[in-house]
1. Evaluate the charge dipole of the chain about its Cα centre and quote only its size in Debye, nearest 20, assuming +1 on the Cβ of each Lys and Arg and -1 on the Cβ of each Asp and Glu.
2. Can you give me the % of accessible surface on the chain that is carbon or sulfur? Probe 1.4 Å, all protein chains present, nothing else counted.
3. Calculate the FRET efficiency for residue 23 and residue 120 from the Cβ-Cβ distance with a Förster distance of 41 Å, rounded to the nearest 0.05.
4. Tell me, in nm to one decimal, what length is gained between residue 94 and residue 15 on full extension, where the rule is 0.36 nm per residue of separation less the Cα-Cα distance?
5. If you project the alpha carbons of the chain onto the principal axes, what extent comes out on each, in Å, largest first?
6. Once fully extended, how much extra length lies between residue 72 and residue 42, figured as 0.36 nm per residue of separation less the alpha-carbon to alpha-carbon distance?
7. Please compute the per residue accessible area over segment 24-118 with all protein chains in place, 1.4 Å probe, rounded to a whole number of Å².
8. Where is the GNM fluctuation largest for the chain (alpha-carbon springs, 10 angstrom cutoff): 13, 76, 51?
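The values are calculated or read from the model by the stated rules, or taken from the named source; none is laboratory data. From a predicted model like this one, the values you see are computed outputs, not experimental measurements. Heads up, the Cβs are rebuilt from the backbone with ideal geometry, glycines too, and the neighbour counts pull from every protein chain shown. We work out accessible area using only protein heavy atoms, side chains counted, and drop any ligands, DNA or RNA first. Shrake-Rupley method; radii C 1.70, N 1.55, O 1.52, S 1.80 Å.
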Amino acid sequence: VTAAPKLGTVEARAQASVEDTSDAGTGYSGAAMLNVPLGDKFAFRASGYYRFLPGFVDAVPRGEDGADDSASYGGRAALLFQPTEELSIRLAAQLQNIRVDSPSSFTADPLTMRPVDPVTGAPTGGDR
């Protein structure tokens, strides 16, 4: 359940954080929200976030330090139209993107350490 836009109220919030993971690096995140009335019958509310987490798992066979870092961002926006006390219409949209550098597991050829299809054993063509 997301917070609905509020008529007659301007609101804004923001937060930021920084974190350090031993032998991995620095992660950070931020989030913000804004609610703005647009006249007496309309209001708009938007929120968003971004987060980066440094990887801490080293994939030694691939020669990759911090193979599991990740970044994600997302946001929501909503427009409220309330022409009467009995009727309100809210339009909303949401988006999210999550990127993780390394899958939690993969099947590799034991001689080359190159990724292979777990069913057929055929090379997958990627580095992971």
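1. Dipole size: approximately 680 debye.
2. Taking all protein chains in place, the chain shows 56 percent carbon and sulfur surface.
3. The value I calculate is 0.65.
4. Roughly 26.5 nm would be gained on extension.
5. The principal-axis extents, from largest down, are 71, 36, 18 Å.
6. Stretched fully, the residue 72-residue 42 segment lengthens by 7.7 nm.
7. 64 Å²
8. Result for the chain, Cα springs under 10 Å: 13 fluctuates most.
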